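Encoded as structure tokens, the structure appears first; notes follow it.
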Amino acid sequence: MAPMSLNPPDLRPDLSRPRLAEERRPGQPTIGMVSLGCPKALVDSERILTRLRAEGYAISPNYQGAEAVIVNTCGFLDSAKAESLEAIGEALESNGRVIVTGCLGAEPEYITGAHPKVLAVTGPHQYEQVLDAVHSAVPPAPDPFVDLLPASGVKLTPRHYSYLKISEGCNHRCKFCVIPDMRGRLVSRPAHAVIREAEKLVESGVKELLVISQDTSAYGADIRFAEERGHRAHIDDLARDLGSLGAWVRLHYVYPYPRVRNLIPLMAEGLVLPYLDIPFQHAHPDTLKRMARPSAQTETLTEIAAWREICPEIALRSTFIVGYPGETEAEFDYLLDWLDEAQLDRVGCFKYEDVEGARSNALPDHVPEAVKQDRWKRFMEKAQAISEKKLAAKVGTLQEVLVDDIDADGIATCRTKADAPEIDGCLFIDEGTKGLSVGDLVTVEVDEAGEYDLWGRLPG
Ligand code: SF4
């Protein structure tokens with residue numbers, strides 16, 4: 001796996017079809033699902049499948065076994081839109097009965113223009129409408145004796161980790177992003193509902209909770225950080241409450257507010273993983289201003305230093321956009337120098353792309369493709385060198401790892417606390433894995449490091 005060579009639009013933790021193999025009872029209505037897009041969309045897919053399963057539907061891992069297929073689409077970038085249209089076309093060709101949902105569903109004419117034969121188009125989070133569309137395409141036939149919902153719902157991710165969505169939408173207006181138009185303003189789930197879902201997941205064997213939203217650090221702002229049933233809807237409290245459940249808790253999509261500093265002591269205490277996924281997007285104040293992002297990035301370096309002082313083992317992941325309209329060579333060089341200082345552990349990089357409806361499209365001085373490509377390459381080379389150096393420093397250390405997979409040759413693919421699934425690196429154990437099972441937490445001695453991955457052995 002070479003995650004850092006990928007642009008974020010290619011990060012599709014869910015490119016694989018739902019990993020479900022179920023016994024189907026005679027006459028049981030059966031639905032297939034193709035889930036594209038980011039982890040947030042994956043959570044939506046899981047919710048839809050959980051409901052369908054609860055209603056007595058079987059879930060087919062392929063098109064042929066399904067009476068209809070739901071395609072959960074992504075509309076974040078034009079390339080993702082094209083990929084979504086392609087997936088719809090494939091589902092139509094293989095199955096013929098297709099219900100479209102997800103981000104791209106916010107633009108129904110775009111879909112029906114290309115694929116007039118789809119049965120229904122619903123937008124993001126319109127669970128009820130998706131279910132209505134399924135009901136009319138394939139009527140339910142519930143059997144109360146066998147259709148018991150597993151405690152953790154129907155999951156597309158492996159059983160030992162789970163995404164946990166805490167809010168939807170975003171109150172920012174970054175110029176390159178259409179998510180606030182597509183998904184609306186911030187809507188937080190009540191803290192007690194999030195905690196209840198997390199408890200259920202942990203009880204059913206989940207070892208790692210991946211907290212996601214469009215803006216994790218803003219959690220609760222829309223509901224005035226309300227306290228209900230003993231749980232306050234504030235990220236500091238939520239992180240602490242989740243941390244008390246005994247699973248790994250990983251925070252994703254944390255917007256760089258100054259208040260982020262309050263989360264770091266929870267990492268130092270071991271309640272939350274010492275890992276922060278915090279998209280900076282750029283470092284030069286002028287580029288950031290043109291993006292309508294917070295522009296005091298020199299202060300960000302001071303913040304990063306403060307975080308490391310509180311929690312020296314913190315791993316920082318971020319994403320950046322290069323070739324943003326108006327980005328000069330000097331601004332890009334500034335970004336490279338900033339990266340040198342910041343020494344981030346994990347970095348993803350987009351080449352700027354116009355997205356239909358984004359305000360950045362109208363900015364002057366778009367950067368030629370060849371320049372974007374060159375800057376992306378230079379950026380990734382630097383990021384890779386930093387990653388390599390940071391990983392080399394881990395050789396000889398003991399790391400607690402979570403086992404994600406063990407292949408037929410006995411090679412275990414694991415992750416340290418510094419590695420989120422699908423987007424970061426792995427730690428491989430090549431031998432002595434006989435007693436190990438997927439989902440185990442074990443301590444490993446690191447004996448080799450590459451550009452993005454580590455190798456280790458179980459202490460004898
Ligand atoms: S904070 Fe994220 S989701 Fe919100 S507008 Fe900016 S890029 Fe989009």
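Bear in mind these aren't lab numbers, they're just calculated from the coordinates by the rules spelled out. Keep in mind the model is a prediction, meaning the values are calculated, not measured. Neighbour counts are summed over all protein chains in view; Cβ atoms, including those assigned to glycine, are modelled from backbone coordinates with ideal geometry.
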task: Arrange 388, 329 by Cβ neighbour counts within 10 Å, fewest through most, would you?
output: 329, 388
field: Inter-probe distance in nm under a simple model that places probes 7 Å from Cα toward Cβ, at residue 259 and residue 373
entry: 4.4 nm
- prompt: Which value results for Rg/Rh of the chain when Rg is the Cα radius of gyration and Rh the Kirkwood radius based on the inverse mean 1/r?
  reply: 0.96
message: Expected output is a single nm value to one decimal: the length gained when fully extending between residue 392 and residue 159, i.e. 0.36 nm times separation in residues minus the C-alpha distance. What is it?
response: 80.8 nm
statement: Per the helix-only model, the chain has a calculated mean residue ellipticity at 222 nm (DSSP H runs of ≥4, -39500 (n - 2.57) each, divided over all residues, rounded to the nearest 500) of -9500 deg cm²/dmol
message: Pairwise over distinct Cα atoms, reciprocal of the mean inverse distance: report the Kirkwood radius of region 398-457 in Å, one decimal place.
response: 11.2 Å
task: Beyond 28 Å between alpha-carbons counts as too far, so tell me which of 207/351; 351/390; 175/382; 382/417; 81/200; 289/372 fall in that bin.
output: 207/351; 81/200
message: If I model a spin label at residue 363 and residue 109 as a point 7 Å from the Cα along the Cα→Cβ vector, what separation in nanometres do I get?
response: 2.9 nm
Pairwise label distance in nanometres, residue 94 with residue 457, each label 7 Å out on the Cα-Cβ vector: 4.3 nm
